[in-house]
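The values are calculated or read from the model by the stated rules, or taken from the named source; none is laboratory data. None of these values were measured; they are calculated from a predicted model. For neighbour counting, all protein chains shown are included, and Cβ atoms are generated from backbone atoms with ideal geometry for every residue, glycine included.
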Amino acid sequence: MNDHDTLGERLAQQGVSRRAFLKFCTAMASLMALPPGSANAIAEALIKAKRPSVIWLSFQECTGCTESLTRSYSPTLENMIFDMISLDYHHTLQAASGYGAEKSRQDAMENFFGKYLLVVDGSIPLKDNGIYSTIAGRTNLDLLQDVAKGAAAVIAVGTCAAFGGIPNAKPNPTGAVAVSNIIKDKPIINISGCPPIPAVITGVLAHYLTFGSLPELDELGRPKSYYGETIHDRCYRRPFYDQGKFAKSFDDEGARNGWCLFELGCKGPTTHNACATTKWNGGTSFPIESGHGCLGCSEPHFWDAGSFYSALSMPASPLKLATGGAVAGAAVGIGASVANRMKKNAAKSAHETSTIADLEK
Amino acid sequence: MKLPGNNLKDIPVKTDNAEEYSVGNIRALQAEIAACLEKLAETGETGIIDLNSLPFAPGEYEQLRQALGQGEVSARIEAIGPSEIIETRYPGVWWVTHYNVEGDIVADLIEISWIPEIMKSQPDDIRTGLELLRAQLDDALINDEVQQ
């Protein structure tokens, strides 16, 4: 059997009924945030879809994005990888290694030139000629430019590939940049998040298969269906924000009542992602539901955007704010930091409630 | 000692009863369902609500279950994992939950229709079944002829 047959042919050979396929498409519609009644139309399109070749390149990354995908609950990885796409190169998942692995990438690039999808996770180091990250003796920059030439589109998975991410955080010792800083002549879709929601990764691939095109993107190159609204707008705690009910510390009555975490530094109002509805771990919950504010991990430079525990309405210089009342008369800087640490330790030993100012330093 | 498996359901987590906790999603959903049901009754137009796309507060999902209750029909489909179909206490309002083979929910819908789409036999499957039935009849005919 040809590895790149249509999905319909493949499913028919496996004895999958049309009802089962319709169920699958219903799940796909839900995954792609499309109207749930569109399952029949998706089925018609998908049944004729050719399985695209996918080359996945991992650069300066922690493998968290691949972990996210392989923990994808809906649909299962087996469905995605073996039925919907032909994953021809992924150096963490593939069985081949060394020259064999590089040859499978080269073969896919030649056989499907202009048609394959290139998925990238991780940022690309440029400093010192990109020597800080290499694969098979080639720099990430060299490999990316080479493989992108024949790609139909590039999917930048994770905040590192989309915006530079943590490697790009100050002082950015490797000169890390995003895919879009290097590739200028191909459509690029950014699926940001640290890691991105697995359903969003699979949903974008499913969209490409169904419609043969990339979904509509926002100004940062992210699919609008998942990044069109802020976490805050879709948060179940939003009504408390509107009522002015805020948790003031992580263990006060407001926190126990599930009130809004804005004053504890939640970045939900400025963060675009689907965590509040798609959720994590098979729809179990998401950080805010677990009692911690959103870190804003799907936004550019989230690591350098000030303390995770400063409210968005506070000035961007949290140290000065914290020193105001606590250490009046003391030298700003080291003195403030020591005083805050002392206060935190004193509160800890006295089993007092820690405040947001205590947590900052 | 039994070690926990790698399934979420195997992790012993105690959850508080959140029955009383609501941010108003249930009433809004009930109103939407009522509007869809009115359309179905008057024009025959069907509707589907994707529960995965809604920002439920903890406990609200269970509250919705209680609010809609269970009616006269329940069905189970086995197709790449089970699917549960329950007609709620409001005829024409169906709760359709699709699971994958690992038992995780892959789609969770409120379908407002005469009968959920997934319960209908599909034309392609009917044709395949017909071919199978005809082949069996042909085989039986040949066997009868051989025996005669």
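Filtering A:GLY164, A:GLY137 for residues that are over 21 Å from the mean Cα position of the chain (by Cα) and small (Gly, Ala, Ser) leaves a single hit, A:GLY137. Under the condition of being modelled with pLDDT under 95 and among the aromatic types (Phe, Trp, Tyr), which residue from segment A:232-249 is nearest to A:PRO287 (Cα to Cα)? Out of the qualifying residues, it is A:TYR236. Looking at B:PRO91 and the list (1) surrounded by fewer than 19 Cβ atoms within 10 Å (Cβ to Cβ); (2) within 9 Å of another protein chain (Cβ to nearest Cβ); (3) without any contact (Cβ under 8 Å) to a residue 24 or more places away in the chain, which single condition is not satisfied? (2) is the only condition that B:PRO91 fails. For A:PHE286, are the conditions met, namely being over 16 Å from the mean Cα position of the chain (by Cα) and of a type outside the set (Lys, Arg)? In short, no.
Checking segment A:230-246 against the condition returns no match, with no residue being away from chain B (no Cβ under 14 Å), under 17 Å from the mean Cα position of the chain (by Cα) and within 22 Å of A:LEU69 (Cβ to Cβ). Highlighted here are the helices (runs of 4 or more DSSP H) found entirely within segment A:141-256 that include at least 1 residues which are touching a residue at least 60 places away in the same chain (Cβ under 8 Å): A:158-163, A:198-211, A:224-227, A:231-234.
Find the residue count for segment B:27-61, including only residues that are among the acidic types (Asp, Glu), more than 8 Å from chain A (Cβ to nearest Cβ) and either in contact with a Lys or Arg (Cβ under 7 Å, 6 or more places away or on another chain) or not in a helix (DSSP H, G or I) (or both). So the count comes out to 1.
Residue check: is B:ILE110 under 26 Å from A:PRO35 (Cβ atoms), of a type in the set (A, V, I, L, M) and buried (at least 20 other Cβ atoms within 10 Å of the Cβ)? Spelling it out, B:ILE110 is indeed under 26 Å from A:PRO35 (Cβ atoms), of a type in the set (A, V, I, L, M) and buried (at least 20 other Cβ atoms within 10 Å of the Cβ).
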